[in-house]
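No value in this document is a laboratory result; all are computed from the given coordinates. Just so it is clear, the model here is predicted, and its values are computed rather than measured. Cβ sites come from the backbone with ideal geometry, for glycine too, and all protein chains shown count toward neighbours.
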Amino acid sequence: MPNFGILFFPGSNCDHDCYHAIRKILGQPCDFIWHEEICLEGIDCVVIPGGFSYGDYLRAGAISRFSPVMKPLGELAKLGVPIIGICNGFQILVESGLLPGAFIHNSSLKFVCRWTNVRIEDPDTPFTCLLDKGQILKLPVANAQGNFVLSPDRDNIEEWRIVLRYCGEDGELNAEANPSGAEDNIAGITNSRGNVLGMMPHPERGFESLLGSEDGRKMFESVISWIDSRNVAGKAV
Amino acid sequence: MKRFSVKIEVKLKPVVLDPQGKAILNALSGLGFSGISNVRVGKVVELNMEGKSAEQVSQKAYEMCRKLLSNPVIEDSSVEVKEK
């Protein structure tokens, strides 16, 4: 069974939601990792949860990238270890340069908290390997700066992939389905290798039908299956 | 060592849409101010710094912008240095 590590910073607030989802619901080994940790050995998948690390001062995620843990995290990213940044975790991955782009205020200028539909654009990543291209997941967003921007730099960046796009119930891409005004309805991207995923919707809040959706489980079940298949094959992750 | 006051301005690049600027434009129009266009909102960071010359201090300030104060993907910065 893979070892999950939940990385948390001063101001993270979805760390226990992630723990509940991974440890209590999926029954996987899972530990909290404080941002001052300098060794991430033995971790098979890193989760960077949502929240307001460092109060979102300056720009969301801007200060967290100087935490000691970011160095070993960068090394894990290079080794191909799956890393998922959710909401503020996505903002931290972008600010630290592990993923391209930037975030600005939602076009509505409001904190948006609602259900969205997201379409799988790329099933060839550790987090989507049990899903099909075009499959739709129902997941909630909760953010003020979820408006993903890439365009000024877009032509200079080759090494990234779109994994999730906000869509309507039938998979159509339109402005109504886009809660933040994000470029091209982008809800989640990975690096070219696919092991570093950033996404604005919260899969850990879509784990129980009682709370509205179980779709978020599929992403974590994907990464568990991806890691397990590698371990069986005897390959280093 | 001389003492300088430094004013650093961070603004969204012209190609990046500015939702705050747009909301302010709408609010100003609603208040009856007419003929307004292209409202952009930025940040100003002021600090004091010691250094050998204005040029050296300005270089350091631009380095701060690259490393922390701005996100170069979406923001431009400008620096103004005055000897105190």
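For this structure, a couple of remarks:
- Within the straight-line cut-off of under 21 Å between alpha carbons, the lysines reachable from A:Lys218 are A:Lys24, A:Lys133, A:Lys138, sequence neighbours fewer than 8 places apart in one chain being disregarded.
- By the count of neighbouring beta-carbon atoms within 10 Å, fewest first, A:Ile48, A:Ile22, A:Ile63, A:Ile83 end up ordered A:Ile63, A:Ile22, A:Ile83, A:Ile48.
- Within the listed set A:Pro140, A:Pro126, A:Pro29, the residue fluctuating most in the Gaussian network model of chain A (springs between alpha-carbon atoms under 10 angstrom) is A:Pro29.
- Percent breakdown of C-alpha pair distances by 5 Å bin, ordered from the shortest bin, for the range A:1-65: 4, 18, 28, 21, 16, 9, 3, 1
- This model, with +1 at the C-beta of Lys and Arg and -1 at the C-beta of Asp and Glu, gives chain B a dipole about its Cα centre of some 140 debye.
- Helix axis angle, B:54-64 relative to chain B longest principal axis, alpha carbon, degrees: 60 degrees
- Interchain or long-range residues, amide H under 5 Å from A:Glu208's placed H: A:Ser213
- Against the main long axis of the alpha-carbon atoms of chain B, helix B:19-30 sits at an angle near 50°.
- Cβ-to-Cβ counts within 10 Å put A:Phe111, A:Phe4, A:Phe32, B:Phe4 in ascending order as A:Phe111, A:Phe32, B:Phe4, A:Phe4, the fewest first.
- Computed over chain A: relative contact order in percent, which uses C-alpha pairs under 8 Å that are six or more apart: 20 percent
- The range A:1-130 - share of DSSP beta bridges that are antiparallel (%, nearest 5): 10 percent
- Gaussian network model of chain B, springs between alpha carbon atoms under 10 Å - residue of B:Val44, B:Val57, B:Val15 with greatest fluctuation: B:Val15
- Within the straight-line cut-off of under 13 Å between alpha carbons, the aspartates and glutamates reachable from B:Lys11 are B:Glu75, B:Asp76, sequence neighbours fewer than 8 places apart in one chain being disregarded.
- 3J(HN,Hα) from dihedral phi, the range A:75-81, Karplus parametrisation 6.51/-1.76/1.60, rounded to Hz, x for glycine, proline: 5, 4, 4, 5, 6, x, 5
- Considering helices alone, the calculated mean residue ellipticity of chain A at 222 nm is -5000 deg cm²/dmol, with DSSP H runs of length four and up weighted by -39500 (n - 2.57) and normalised per residue.
- Cα centroid separation, the range A:106-151 to the range B:2-33 (Å): 29 Å
- Inverse of mean 1/r across different Cα pairs in the range B:2-83, Kirkwood, Å: 14.3 Å
- Residues of type lysines that A:Lys78 reaches as a straight line, Cα spacing below 23 Å, ignoring anything fewer than 8 places off in the same chain: A:Lys235, B:Lys67
- Exposed loop sites were defined as GluC sites (Glu not before Pro) in DSSP loop states (anything but H, G, I, E or B) carrying at most 10 other C-beta atoms within 10 Å; in chain A the longest segment without such a site runs A:42-157.
- Here's how it looks for A:Glu37: its modeled amide H is under 5 Å from those of A:Val69, which are all 5 or more places away or on a different chain.
- Residue exposure sequence - B:Ser77, A:Ser12, A:Ser108 - by fewest surrounding Cβ within 10 Å: A:Ser108, B:Ser77, A:Ser12
- Antiparallel beta bridges, as assigned by DSSP with both residues in chain A, represent about 60 percent of the total such bridges.
- Other residues with beta-carbon under 9 Å from the beta-carbon of B:Val41 carry, at +1 per Lys or Arg and -1 per Asp or Glu, a net charge of +2.
- With one equal scatterer per alpha carbon and no solvent term, the Debye-computed log10 I(q)/I(0) for the protein assembly as shown at 0.08, 0.12 1/Å reads -0.40, -0.84.
- Cut-off under 5 Å, modelled amide H: who pairs with A:Thr116 long-range: A:Leu139, A:Val141
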